[in-house]
Amino acid sequence: MTRAPLVVVGDALLDRDLDGRAERLAPDAPVPVVDDPAERCRPGGAALAATLAATLDRRAVVLVTALADDEPGAVLRGLLELAGVEVVDLGLEGQTPEKIRVRAEGRSLLRLDRATRPGRVGPLDRSGRRALAGAAAVLVADYGRGVAAEPWVRAALAALPSRRPLVWDPHPRGPAPVPGARLATPNRAEAAGFVPEVPGTGLAAVTARARLLADRWAAAGVAVTLGPGGALLVEGAGAPLVVPAPATTGGDPCGAGDRFSTAAAGLLADGALPSEAVAGAVAAATAFVATGGAATVHLGPGAPTSLHPTPGDPGTPHRLGPGVPHPDPPASGPPVGERSPAPAGAVPAVHRPPADPSPHADSPLGRALRVIAAVRATGGTVVATGGCFDLLHAGHVATLRAARALGDCLVVCLNSDDSVRRLKGPERPLVPQADRVAVLEALGCVDVVVPFDERTPEAVLQRLRPDVFAKGGDYALADLPEAALLSTWGGQAVVLPYLEGRSTTQLMKEVVRRDSH
């Protein structure tokens with residue numbers, strides 16, 4: 001932990017879990033009786049964000065927060081000390097807020113909140129200004145209780161040099177981010193609350209809200225977390241980057257938003273691009289949710305101070321190193337970046353025109369339209385992608401899987417042999433169209449393949465009218481010519497993460513190199 005610290009600014013809460021057994025109902029009311037609950041205390045709010053950065057990412061962390069002089073505040077100080085977090089306490093007039101979850105065998109039955117009215121936060125002092133001046137990056141984990149709104153705190157955050165990454169996780173009851181944030185990270189519900197009325201639905205609406213928030217907050221980027229859909233990043237005027245969430249099962253979403261924002265801030269501190277930071281944050285939040293969420297963080301009296309997991313013990317903290325790839329939350333399970341559970345499912349469809357009956361039923365376009373009609377009949381989302389897919393490799397497969405995760409069917413618009421020759425030269429394609437179609441349709445993530453003869457797939461997209469058109473991230477965010485076409489019917493073009501070092505051209509060069517030896 002010799003690196004410059006990550007400084008977390010925000011409201012600290014004490015979370016208590018009372019976890020027991022519920023095997024019967026009370027005789028006087030139809031409510032479960034929780035027998036022999038064990039109490040476990042853990043940091044909450046910005047204190048959880050600081051703890052996760054210190055324990056999971058092994059970072060030096062300074063937390064600028066406000067604690068009251070009471071028993072919950074003393075417990076929080078002790079937990080943060082165990083986690084290795086340095087605390088700059090601005091002081092809080094009133095009570096340290098608490099959130100108490102009553103649980104049975106890991107399932108929440110009831111939550112009790114104490115000190116729901118925020119107390120008065122003291123001003124930023126010299127130690128707080130010193131911490132901000134020496135930060136590798138700053139994360140504002142706002143929980144709407146006054147720390148992020150304190151005038152001296154806001155002035156210091158606004159004065160940060162532009163080279164120092166500032167990540168702002170906003171709250172509906174908190175202030176707007178100061179201008180110049182590198183990344184703001186609202187979840188889908190928060191973004192909808194900040195910008196209620198936008199045209200369209202689904203990813204088109206999320207993108208519109210993210211662009212408006214980026215302008216309103218003068219933020220370089222806005223990453224909207226989408227629960228089981230991953231996250232959507234907007235930077236500038238180009239197509240958004242969507243990082244989908246691979247499906248997993250089980251888990252607890254409590255604290256997922258804090259894990260997302262801390263991972264993103266840490267990666268930006270290490271020099272990552274915002275797109276890389278968002279991809280890493282989705283992975284980190286997924287693993288955190290899948291392995292039990294905030295309930296697995298126990299640093300109180302009697303709890304283990306070692307952060308290595310004990311297999312099969314849900315009460316033992318887990319460790320995930322930075323940069324380790326993880327699965328993401330399930331399509332039917334807990335969301336990424338949500339402060340509370342959200343309805344699961346695919347991204348809502350943005351446009352549902354009737355299928356065009358004119359193509360021959362046995363043609364690829366006809367089969368595609370039948371698939372689309374069936375999906376839309378059940379309210380599903382249609383996703384399309386396009387490309388040559390010559391010498392199918394891991395980069396292609398990753399993009400296809402990511403595209404399929406955005407909706408309920410995937411249509412691949414495939415450049416025909418003539419189209420590939422016009423794009424790549426007379427020696428291409430290496431694999432003829434019929435074989436490329438057969439290989440693609442053998443993949444479980446591809447529902448139907450539609451070849452086209454033009455240089456670009458606009459004509460076939462006009463017939464298919466998908467809700468989402470996705471391309472691999474080797475394209476610049478501003479270089480998706482299909483985006484304007486999709487917008488005419490309320491669809492959304494997006495860019496997906498791209499596996500570095502995988503390409504057909506590179507494979508061909510490697511074959512030539514080996515043949516020459």
Handout entry: Computed label-point distance, nm, for sites R117 and A74 using a 7 Å Cα→Cβ extension
Key = 2.5
Handout entry: Ordering of 419-430, 225-236, 196-207, 273-284 by packing [mean C-beta count within 10 Å, highest first]
Key = 225-236, 273-284, 196-207, 419-430
Problem - Ranked packing of 448-460, 150-162, most packed first, by mean Cβ within 10 Å - result: 448-460, 150-162
Handout entry: Cα-projected label distance for D215 with R107, points at 7 Å along beta-carbon direction, nm
Key = 4.7
Completion exercise
Taking alpha-carbon centroids only, the stretch 162-230 lies from the stretch 411-446 a number of Å equal to 38
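Let me have the relative contact order for the stretch 364-509, percent, based on Cα pairs under 8 Å that are six or more residues apart.
Computed value for the stretch 364-509: 29 percent relative contact order.
Provide the packing ranking of 107-113, 169-175, 491-497, i.e. peptides ordered by the mean count of other C-beta atoms within 10 Å per residue, highest first.
Details: 107-113: 12.3, 169-175: 20.0, 491-497: 26.6.
Taking the mean over residues of other Cβ atoms within 10 Å, the ranking is 491-497, 169-175, 107-113.
Could you work out how much longer the chain between Q462 and E81 gets when fully extended? Use 0.36 nm per residue separation minus the Cα distance between them, nm to one decimal.
131.2 nm
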Practice task
Under 13 Å from the Cβ of L110, count the other residues' Cβ atoms, weight Lys and Arg +1, Asp and Glu -1, and hand me the total.
Solution key: +3
Exercise for the section: Treat the count of other C-beta atoms within 10 Å as a stand-in for reagent exposure and order Y143, Y498 from fewest to most. Expected result: Y498, Y143
Practice task
Pull up all non-local amide H partners of A245: gap of 5 or more, or a different chain, and H-to-H distance under 5 Å with H placed in the peptide plane.
Solution key: G230
Problem - Amide H contacts under 5 Å for W168, placed H, 5+ residues apart - result: V140, L183, A184, T185
Practice task
State the extension gain, in nm to one decimal, for the chain segment bounded by L430 and A237, taking 0.36 nm per residue of separation less the distance between their alpha-carbons.
Solution key: 65.9 nm
Problem - Computed lengthening from A155 to D362, 0.36 nm per intervening residue step minus Cα-Cα distance - result: 68.0 nm
Exercise for the section: For the stretch 372-382, take each phi angle, set θ = phi - 60°, evaluate the Karplus expression 6.51 cos²θ - 1.76 cosθ + 1.60, and give the result in whole Hz per residue in order, putting x for glycine and proline. Expected result: 4, 4, 5, 5, 6, 5, 9, x, x, 10, 9
Handout entry: Inter-label distance for T378 and D35, nm, one decimal - labels placed 7 Å from Cα along Cα-to-Cβ
Key = 4.2
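Here, each number is a calculation from the coordinates, and none is a lab measurement. Owing to the predicted nature of the structure, the values given are computational and were not obtained by experimental measurement. Note: ideal-geometry Cβ built from the backbone for every residue, glycine included; neighbour counts use all protein chains shown.
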